[in-house]
């Protein structure tokens, strides 16, 4: 290696001339400037990448949905207002609507006429049945009254006339027999006289029986048969009258018309109907003074409730109003798919503000403890703006960074989106979080004036 080092020499002939020095110095200057520019750009990019994102926040609000001061809410649930008994008023006969006297929202009284059907055919059937009944009743009266005196006298006169004819025939037979014995009359005359006497005798016997029947009157069996026919026709008359009366449709209860489904000229039937065919019912109505709130209670919370449990009812449409309620019905079986039990809360003080199918919330109140102790307070309900939720998650600002958290909601209310699980209230949430903002990112919040 030492020999190799000694052999190294600098070639002086390849050195640049004295004029090349400034060129190399210029190149070094340009290179330094480029390095400085790159370092500055890198610093700017690094600063931007690590800069905090400016966001707007809002604070989650915790509140109780109902109850007077001092009442402890043990469970909050949401559902719908329903009518206790919703009735679809149908027709009992087939026919075409001739008149309808109600519209949606009208209040009706029990027995009030709401629809009339065309009744020409039903009136004709009734008239025919009444005619048959009158005919049979007249026949029965004739049988029960028996024969008239004039009929009896006429029958007796016929008998007496026949007896006179018989006596004359006997006299003629005796005279002919004498003539025949004397050899004056032939045998044929005697035979003819005997035949006339026999015919007269038969006629007397026949008229005598007829006279007895007229005098006695009809048989009891005939009268009973006619009575049976009368009862049968009375049933036909009653059915025809009922059918005619059924062309007038009346309100079965006092209530409010919820829906009107027929118009004048439309056909109403009592059998299965298609989507565009005859109507199966004319109106639906309900008593709006008898309302319930239908709730699906999770099986995990079901043990908190009991029969007649008190609750305070609120609806989204009127946030400032409250109604008193109590559990009236608990389903005897659970819903396997939803893992819930249906509960119906009766509205104790309904008014014109509550309407069926409204969203409603019920805050169930704890019963007072024996000895006057205060009941345990329930978990408050948290409300947040829907703009803070992204894919069922929210971004919470904690010490200048965001924390992503999943939540469970139960619907929109005038106070905001109702949160059932995931928040306790007081958290600062990012409003309209950008898609690129992830958990752990640094943020700077704006003063929105909504924090409390």
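The values are calculated or read from the model by the stated rules, or taken from the named source; none is laboratory data. This structure is a prediction, so every number in the text was calculated from the model and none was measured. When we count neighbours, we look across all protein chains shown, and the Cβ atoms used for this are built from the backbone with ideal geometry, even at glycine.
Values computed for the structure shown
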{"read-out": "Some residue of segment 429-446 being part of a loop (DSSP other than H, G, I, E, B) and at pLDDT below 80", "value": "no"}
{"read-out": "Total residues in segment 216-259, condition modelled with pLDDT under 90 and either farther than 30 Å from residue 148 by Cβ or assigned to a loop (DSSP other than H, G, I, E, B) (or both)", "value": "3"}
{"read-out": "Segment 386-408 - residue that is at pLDDT below 85 and assigned to a loop (DSSP other than H, G, I, E, B) and, of those, surrounded by the fewest Cβ atoms within 10 Å (Cβ to Cβ)", "value": "399"}
{"read-out": "Odd one out for residue 183, checked against (1) part of a loop (DSSP other than H, G, I, E, B); (2) closer than 30 Å to residue 114 by Cβ", "value": "(2)"}
{"read-out": "Selection from segment 231-255 of residues that are closer than 26 Å to residue 291 by Cα and buried (at least 18 other Cβ atoms within 10 Å of the Cβ)", "value": "249, 251, 255"}
{"read-out": "Which numbered condition residue 289 misses (of (1) more than 18 Å from residue 74 (Cα to Cα); (2) assigned to a strand (DSSP E or B); (3) touching a residue at least 60 places away in the same chain (Cβ under 8 Å))", "value": "(2)"}
{"read-out": "The lone exception for residue 285 - which of (1) within 19 Å of residue 113 (Cβ to Cβ); (2) surrounded by fewer than 19 Cβ atoms within 10 Å (Cβ to Cβ); (3) modelled with pLDDT of 90 or more it fails", "value": "(2)"}
{"read-out": "Where residue 411 falls short, out of the listed (1) closer than 30 Å to residue 285 by Cβ; (2) outside any loop (DSSP other than H, G, I, E, B); (3) at pLDDT 85 or above", "value": "(3)"}
{"read-out": "Verdict on residue 262 being closer than 30 Å to residue 99 by Cβ, surrounded by 15 or more Cβ atoms within 10 Å (Cβ to Cβ) and within 18 Å of the chain's Cα centre (by Cα)", "value": "yes"}
{"read-out": "Residue under evaluation residue 262, criteria (1) touching a helix residue (DSSP H, G or I) at 6+ places or on another chain (Cβ under 9 Å); (2) assigned to a loop (DSSP other than H, G, I, E, B), criterion not met", "value": "(1)"}
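For (1) closer than 27 Å to residue 87 by Cβ; (2) under 23 Å from the mean Cα position of the chain (by Cα); (3) touching a residue at least 12 places away in the same chain (Cβ under 8 Å), each residue gets a yes or a no:
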residue	(1), (2), (3)
295	yes, yes, yes
298	no, no, yes
301	no, no, yes
305	no, no, yes
318	yes, no, yes
321	no, no, yes
339	no, no, yes
